[in-house]
Amino acid sequence: MSRAERQLRYLAQRPEPVLVLTETARSAGCEFLAERFERAGYSVTFPRPPEGARERGVMIVSRLATSPLRLPVDYLPHRVAAVTVETATELLEVVGVYVPSRDATEAKLTRKRTFLECLAAALPTGEDGHRLVLGDFNILEPTHVPRYRIFQEWEYGFYTGLAAAGYRDAFRLLAPDALEYSWVGRTGDGYRYDHAHASGPLAGQVTGCRYVHEPRTDEDRLTDHSALTVALALTATAPLDVTDPAAAEVVAAALF
């Protein structure tokens, strides 16, 4: 069984109605996931990277009806996917993000910094609306333990800038002192790269936020990052009639 098939089986059994997948690409595996979920009735938002580019981005897969949400990120726009979901109170905006990683070269530094600046400028204020911004940010909080010298002030500045704009770190709301890492290097050093930030009005609706390490640590090792799950005290009002995406091929074959 291919890795994409194993990922599909895992994702299909997750209880979260909206899934944000990062590090997606114009690859056979990602196209397989998108096609299977779409065939099963899910809403799939997948701004594909340019053809031929060695680029990665974001995919949102939802068992709830979604509407596209336009954010004016003109630099590496495929690294942002945004939708709205109807709830009993007001629209919930879900913004999935995959921030570029970098090395010490000037080109990679400029690329990451430019993207973060464009994203920060495009995000609405966190002082109003119900909005969840989440994904692989490839940055750390300024108080991260341990402290790594490689990170620069402008990288920490994106995290603190979210707070200044009215967003709250959903994990820190519930676990202010916990040491959790979503990516661990070959030397065993841990990094909390993956984040979820809630707008101010939504922060009071966050009832759970934790890292799910099994996809990274289990023998099957579906990914090199831990997942992050967020629970909200909101009632969705537009569920889709979906089937099991892992069984979609068998069902389709039976129809013929």
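Side notes on the structure shown:
- T87 vs. criteria touching a residue at least 60 places away in the same chain (Cβ under 8 Å) and open to solvent by 40 Å² or more (accessible area, probe 1.4 Å): no
- Entry remark, segment 195-225: residues being touching an Asp or Glu at 6+ places or on another chain (Cβ under 7 Å) and free of Cβ contacts under 8 Å to residues at least 60 places away in the same chain number 2 in total.
- All positions within segment 104-124 that are assigned to a loop (DSSP other than H, G, I, E, B) and either among the hydrophobic types (A, V, I, L, M, F, W, C) or open to solvent by 60 Å² or more (accessible area, probe 1.4 Å) (or both): A104, T105, L123
- Only one entry in R9, R26 is assigned to a loop (DSSP other than H, G, I, E, B), open to solvent by 50 Å² or more (accessible area, probe 1.4 Å) and either farther than 21 Å from V85 by Cα or in contact with a Phe, Trp or Tyr (Cβ under 7 Å, 6 or more places away or on another chain) (or both), namely R26.
- Condition met for V97 (open to solvent by less than 20 Å² (accessible area, probe 1.4 Å), closer than 21 Å to L162 by Cβ, part of a loop (DSSP other than H, G, I, E, B) and hydrophobic (A, V, I, L, M, F, W, C)): no
- Figure legend. Inter-residue proximity from segment 135-154: first residues within 18 Å of H225 (Cβ to Cβ) and open to solvent by less than 30 Å² (accessible area, probe 1.4 Å), second residues among the small types (G, A, S) and at pLDDT 95 or above, beta-carbon distance below 6 Å, spacing 6+ or different chains. Indicated pairs: G135/G96; N138/S101.
The values are calculated or read from the model by the stated rules, or taken from the named source; none is laboratory data. Here the structure is a predicted model, which is why all the values come from computation and not from measurement. Heads up, the Cβs are rebuilt from the backbone with ideal geometry, glycines too, and the neighbour counts pull from every protein chain shown. Surface areas here come from the heavy atoms of the whole protein model, side chains and all, with no ligands, DNA or RNA. Shrake-Rupley method; radii C 1.70, N 1.55, O 1.52, S 1.80 Å.
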